[in-house]
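Asks: Please see the structure below; I have some questions.
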Amino acid sequence: RPCGRLLLTGAAGGLGRVLRERLVPMAKVLRVSDLVPLGDALGAHEELRPCDLADKAAVQALLEGCDAVVHLGGVSVERSFEEILQANLRGVFHLYEAARLNGVRRVVFASSNHAIGFYRQAERIGADVRHRPDGFYGLSKCFGEDMAQLYFDRYGIETVSIRIGSSFEEPKNRRMLHTWLSFDDLTSLVEAALFTPQVGHTIVYGASKNGEAWWDNAGAGVLGWAPKDNSELYRAKVEAEQPPLAADDPNLLYQGGVFTTQGPY
Ligand code: NAI
Ligand code: 15L
């Protein structure tokens, strides 16, 4: 088990539940945390630590004794600015301050394609383009990436920011045929992000080896990561279930799809 104590935030969420199982072989102790109850059943090498990311003192205590963090916790869709402010903006500040104060050297940050969601699907972009958030949620991921950069430049805390596309069991619609990240590819990416030496602050797109990619993924090379799964396997099913999109449908125009039109809440 290459990591000593590894913290997983957002452990009760969709990806948290997937990674909670899959991170077990990577750490001697897995500390799992969320705002909502995680149940009482504990794995042999698990510690349960409920915590609100908006509570600075609580987050400082949460990171005590940890060697690394996989940070999934927060609001994961478009919501009011106030909600995003607490969980994502304050939350990510509290996390990095706690990392600094507790000597935690590595963070894997769940960023999102919605940090660049207003790029058109016709564009092929790298991780070095200007942010084009498609809402307050996407904006909070831009902030998280910049926070990671600041804490690397000032304090040497390393982060891999993964701009996750759409990580679900299967791609759910036509847009996700481009953005899908399988759970196996997510796991190998998080593992590479945790254990590759000297990543500084690396931004990488989290997408499987799908047919038509929108993203040039130099960060993947830095991590020695290559995805294995391919959404093409699901194309026939998705296209049978979902009629073709109209030419002006945001799900066909923008990389962030319908997030470009959601809110304000
Ligand atoms: P999710 O919404 O299922 O899980 C997020 C978890 O964070 C929830 O269990 C929630 O209770 C917790 N949380 C919310 N506010 C909190 C607070 N104030 N304090 C502590 N915990 C809090 O989201 P999912 O799909 O598991 O995503 C995980 C992470 O990955 C999120 O940060 C999301 O933004 C990011 N992401 C996910 C994508 C996906 O396709 N699933 C795509 C892009 C990014
Ligand atoms: C995200 O950032 C969300 O957390 C997830 O629920 C999906 O909506 C995903 O992006 C997506 O763009 O498909």
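Asks: Inspect the range 131-151 for any residue being part of a loop (DSSP other than H, G, I, E, B), touching a Phe, Trp or Tyr at 6+ places or on another chain (Cβ under 8 Å) and hydrophobic (A, V, I, L, M, F, W, C) and give the result as yes or no.
Replies: Checked against the condition, which is being part of a loop (DSSP other than H, G, I, E, B), touching a Phe, Trp or Tyr at 6+ places or on another chain (Cβ under 8 Å) and hydrophobic (A, V, I, L, M, F, W, C), the range 131-151 yields no hits at all.
Asks: How many residues does the range 208-247 contain that are closer than 18 Å to PHE109 by Cα, touching a helix residue (DSSP H, G or I) at 6+ places or on another chain (Cβ under 7 Å) and touching a residue at least 60 places away in the same chain (Cβ under 8 Å)?
Replies: 1
Asks: A follow-up question, please. Which residues, counting only those in the range 102-132, are within 22 Å of VAL75 (Cα to Cα), without any contact (Cβ under 8 Å) to a residue 60 or more places away in the chain and not polar (S, T, N, Q)?
Replies: VAL107, PHE109, ALA115, HIS131, ARG132
Asks: Within the range 91-122, which residues are within 22 Å of PHE259 (Cα to Cα) and either more than 16 Å from ligand 2 (Cβ to nearest atom) or in a strand (DSSP E or B) (or both)?
Replies: Within the range 91-122, PHE109, ALA110, SER111, SER112, ARG120, ALA122 qualify.
Asks: What number of residues within the range 112-138 satisfy the criterion of being within 17 Å of VAL204 (Cα to Cα) and within 12 Å of ligand 1 (Cβ to nearest atom)?
Replies: 7
Asks: For residues that are part of a helix (DSSP H, G or I) and more than 13 Å from ligand 2 (Cβ to nearest atom), scanning just the range 171-188, find the one that is surrounded by the fewest Cβ atoms within 10 Å (Cβ to Cβ).
Replies: Within the range 171-188, the match that is surrounded by the fewest Cβ atoms within 10 Å (Cβ to Cβ) is ASP184.
Asks: Return the residue satisfying two criteria in turn: it lies in the range 188-213 and is hydroxyl-bearing (Ser, Thr, Tyr) and farther than 30 Å from ARG235 by Cβ, and of such residues it is farthest from the chain's Cα centre (by Cα).
Replies: Ranking the qualifying residues of the range 188-213, first place goes to THR196.
Asks: So, in the range 42-54, exactly how many residues are more than 8 Å from ligand 1 (Cβ to nearest atom) and either touching a residue at least 12 places away in the same chain (Cβ under 8 Å) or buried (at least 16 other Cβ atoms within 10 Å of the Cβ) (or both)?
Replies: Total satisfying the criteria: 7.
Asks: So is PHE168 aromatic (Phe, Trp, Tyr), closer than 23 Å to PHE109 by Cα and part of a helix (DSSP H, G or I) or not?
Replies: For PHE168, the condition - aromatic (Phe, Trp, Tyr), closer than 23 Å to PHE109 by Cα and part of a helix (DSSP H, G or I) - is not met.
Asks: Also, I was wondering about something else. Checking SER166 against (1) of a type in the set (Gly, Ala, Ser); (2) within 10 Å of ligand 1 (Cβ to nearest atom); (3) buried (at least 24 other Cβ atoms within 10 Å of the Cβ), which test does it fail?
Replies: Here SER166 clears every test but (3).
Asks: Follow-up question, since we're still on this one. Could you check the range 226-241 and list, in sequence order, the residues that are surrounded by 15 or more Cβ atoms within 10 Å (Cβ to Cβ) and outside any helix (DSSP H, G or I)?
Replies: Result: PRO227, ASP229, ASN230.
Asks: If I go through the range 57-80 residue by residue, how many of them are more than 13 Å from ligand 1 (Cβ to nearest atom), surrounded by 16 or more Cβ atoms within 10 Å (Cβ to Cβ) and not in a loop (DSSP other than H, G, I, E, B)?
Replies: 2
Asks: Let me ask another. In this structure, does LEU194 turn out to be touching a Ser or Thr at 6+ places or on another chain (Cβ under 9 Å) and either assigned to a helix (DSSP H, G or I) or on the phi > 0 side of the Ramachandran plot (or both)?
Replies: Spelling it out, it is not the case that LEU194 is touching a Ser or Thr at 6+ places or on another chain (Cβ under 9 Å) and either assigned to a helix (DSSP H, G or I) or on the phi > 0 side of the Ramachandran plot (or both).
Asks: Tell me yes or no: at least one residue of the range 229-247 is among the basic types (Lys, Arg) and under 22 Å from VAL190 (Cα atoms).
Replies: no
Asks: Let me ask another. So for the range 147-161 (the condition being in contact (Cβ under 8 Å) with a residue 60 or more places away in the chain, within 16 Å of ligand 2 (Cβ to nearest atom) and under 18 Å from the mean Cα position of the chain (by Cα)), does at least one residue qualify?
Replies: Checked the range 147-161: no residue is in contact (Cβ under 8 Å) with a residue 60 or more places away in the chain, within 16 Å of ligand 2 (Cβ to nearest atom) and under 18 Å from the mean Cα position of the chain (by Cα).
Asks: Also: Which members of the range 30-41 meet the condition of being within 13 Å of ligand 1 (Cβ to nearest atom) and under 18 Å from ASN102 (Cα atoms)?
Replies: Hits for the range 30-41 are VAL32, SER33.
No lab work stands behind these numbers, since they all come straight from the coordinates. Bear in mind the structure is a predicted one, so any value in this text is a computation, not a measurement. With ideal geometry, Cβ positions are generated from the backbone for all residues, glycine too; neighbour counts draw on all protein chains shown.
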